[in-house]
Amino acid sequence: MARTGLFKGLLFAVLVGVSTVAYAQETPPAMHAVAMHGTPKYPADFTHFEYTNPDAPKGGEIKLAAAGTFDTLNGFIIKGVPAPGIGMIYQPLTSKSDDEAFTQYGQIAESVEMPEDRSWVAFNLRKEAKWSDGKPLTADDVVFTFNTLMKDGHPFYRAYYANVKEAKAETPTRVKFTFSMAGNRELPLIMGEMQVLPKHYWEGKKFDATTLEAPIGSGPYKVKSVDAGKRIVYERVKNWWGENLPVNKGQYNFDTIVYDVYRDETVLLQALFAGEYDFRAENQAKAWNSEYNTVPVKEGWIKKEEIHHSLPSGMQGFIFNTRRPIFADALTRRALGYAFDFEWSNKQFAFGSYKRTNSYFDNSELASTGRPQGRELEILEKYRGKIPNEVFVDEFKSPSTNGTGSDMRDNLSMAKRLLAEAGWGMGAGKVLVRGAEVLKFEILLSSPMFERWTAPFVANLKKLGAVVTVRSIDPTQYQNRMDNFDFDITVGSFGQSLSPGNEQRDFWGSDKVNVKGSRNLIGIKDPIVDELISQIITAKDREELVATTRALDRILLWSYYLIPHWHIDYFRIAYWDKFGRPEITPKYGLGIPDSWWYDTKKAATVAERLKTLKKE
């Protein structure tokens, strides 16, 4: 599944022609929630999620920050860069809890109906659901949303909803989605995640164009003001129709949420210390360990915390564009991985705080470990002789060093042997060639922050005889290059959830290789991978899902589609001490800004401290 919210990505649901006629007459019970596998944690009469405070006070302001820029308030299309936080103005049919693997609870939908084989799903809408202009939200809005996203939305939607045969408003408060297949357990939950658009607002407007006009939504916030590329301010909707629903109780507490956008990462961090914004999730180990030695942190005005979580790390790495001939063979890709000295770089740039990532699903039960056994081995045996034999005999581990920077000789020697085996030989000027090909490529970066990690890697690549350049470009250019697969190597990431499914097709599916804007950046085209993705999507229970995901993980790893980077299993957060928050932090989230609240007394103290700080 994909994490909820607006984002630029493309997910896929595999088409399998299974008749749904036999189930057309079923009348399944109306449910308050739907779980991917098993049963929901919270019963029908639950009052709030346990990681929220139902008595949290409303009011105050929180200032957040983002890096980059934005030029549109429409995050549903491929054009433009959407404003941070814009998803807050909309609500989905159902909402996910942050302390379960994947369970959706009624939001716009009061209840959900579906047959045992999940060949269709119906949502019964709440009569009180309204748009921010006061008009009622109806099943026609839901159908309009689906049809609009399929026609004019980001390619993501045409893939993600590909198994939906029909969306029909059966009554003003009931909408039914009929699927082209049975057995896709995730699809009903995916449809529940769909953020609903107002038909009356968008009709007559060009949906696939960027816009800075504030749209109408049904969510807890609406757009108050916009300064394109610099700032967007949201205000809480007074007397919001969903305020007292169990899924929302104790959440959306701030009267105002401000996002300031900074183009420079260094300036962004210093702005936190100056009190220009309130909360930061730190993603740079160097900054976390060396740049927080400031007065506000020392005095405890800014709280600095590490909060452990149970989320899969996903995979980040130097990814190869296998559409490029020089990266078409796994042997070349494997060889280049020996030039990356993670252990030394981790010490130099991250104070040794990172763990090497050795699975696309690291930090979760979905990660492959040891040798395959049981059901996982049974799945892989079907493909013996067609997949790398290492899958059966070894646990995948990236090349490693002692971290001193002085023992790369063995790794580089191994790289040279593999390159020779792949047909590369030393040509004029000590440059690697293979026939008319030269091992020449560009590493494209979206942020200068990766340059320090890339530089020693490049130095080692050049020792091997590769001709390498590094280029950092602005986020808009970078996104355009990614959408068009216009790169050789880049730093890419593939986020994962606890319930992988339809999105795997977009990451690795053969039919996404040439789809502009898809997340198959690597260019994987492998029928075995396609087959395993289909099995993941239709897994009958959690055990089958885990076994099949681990099998897929092994094949991806041993195909050397990327050079793995690193991860941590905790959030690094820093915030001005002016907020209250629930006693329980959910296993799969932070809860900010949703379940935190403004503490008037703390905020007054912070204001006095900021006055003192600015005088100094």
Q) Only one residue in 257, 190, 232 is assigned by TED's automatic domain parsing to the domain that holds residue 143, touching a helix residue (DSSP H, G or I) at 6+ places or on another chain (Cβ under 8 Å) and in contact (Cβ under 8 Å) with a residue 40 or more places away in the chain, so which one is that? A) 190
Q | Those residues of segment 344-375 which are crowded, with 20+ Cβ neighbours inside 10 Å and of a type in the set (Asp, Glu), in sequence order | A | 362
(Q) Can you tell me which condition residue 482 does not meet? The list is (1) in a helix (DSSP H, G or I); (2) touching a Leu at 6+ places or on another chain (Cβ under 8 Å); (3) farther than 24 Å from residue 533 by Cβ, and all the others hold. (A) (3)
Q: Would you please name the residue that is farthest from residue 463 (Cα to Cα), looking only at residues in segment 378-409 that are in contact (Cβ under 8 Å) with a residue 24 or more places away in the chain and among the aliphatic types (A, V, I, L, M)?
A: 379
Q. Of all residues in segment 137-148, which are out of contact with any strand residue (DSSP E or B) (no Cβ under 6 Å at 6 or more places or on another chain) and either over 10 Å from residue 108 (Cα atoms) or not assigned by TED's automatic domain parsing to the domain that holds residue 93 (or both)?
A. 141, 144, 145, 147, 148
Q | Residues located in segment 72-106, provided they are closer than 15 Å to residue 227 by Cα and touching a Lys or Arg at 6+ places or on another chain (Cβ under 9 Å) | A | 72, 81, 82
Q | Members of segment 49-58 that are within 27 Å of residue 84 (Cα to Cα) and either exposed (fewer than 15 other Cβ atoms within 10 Å of the Cβ) or not small (Gly, Ala, Ser) (or both) | A | 49, 51, 52, 53, 54, 57, 58
Q. If we scan segment 193-205, do we find a residue that is assigned by TED's automatic domain parsing to the domain that holds residue 125 and of a type in the set (Phe, Trp, Tyr)?
A. yes
Q) Any idea which of (1) among the aliphatic types (A, V, I, L, M); (2) crowded, with 19+ Cβ neighbours inside 10 Å; (3) at pLDDT below 95 is the one residue 81 doesn't satisfy? A) (2)
Q | strands (runs of 3 or more DSSP E) enclosed by segment 263-356 - at least 3 residues per element that are modelled with pLDDT of 95 or more and not hydrophobic (A, V, I, L, M, F, W, C) | A | 302-308
Q. Is there a residue being surrounded by 19 or more Cβ atoms within 10 Å (Cβ to Cβ), more than 26 Å from residue 507 (Cβ to Cβ) and either hydrophobic (A, V, I, L, M, F, W, C) or modelled with pLDDT under 95 (or both) anywhere in segment 182-200?
A. yes
Q) For residue 34, all conditions in the list (1) at pLDDT 90 or above; (2) crowded, with 16+ Cβ neighbours inside 10 Å; (3) in a loop (DSSP other than H, G, I, E, B); (4) of a type in the set (A, V, I, L, M) hold save one; what is the number of the exception? A) (3)
Q) Just for segment 285-327: of the residues that are hydrophobic (A, V, I, L, M, F, W, C) and touching a Ser or Thr at 6+ places or on another chain (Cβ under 7 Å), which one is farthest from residue 273 (Cα to Cα)? A) 326
Q.
Can you pull out every residue in segment 472-527 that is polar (S, T, N, Q) and either surrounded by fewer than 20 Cβ atoms within 10 Å (Cβ to Cβ) or modelled with pLDDT of 95 or more (or both)?
A. 472, 476, 477, 479, 480, 484, 490, 493, 510, 514, 520
Q. Is it true that residue 437 is closer than 20 Å to residue 349 by Cβ and either touching a Leu at 6+ places or on another chain (Cβ under 9 Å) or not hydroxyl-bearing (Ser, Thr, Tyr) (or both)?
A. no
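The values are calculated or read from the model by the stated rules, or taken from the named source; none is laboratory data. These figures come from a predicted structure and were not determined experimentally. All Cβ positions, even for glycine, are placed from backbone atoms using ideal geometry, and neighbour counts span all protein chains on display.
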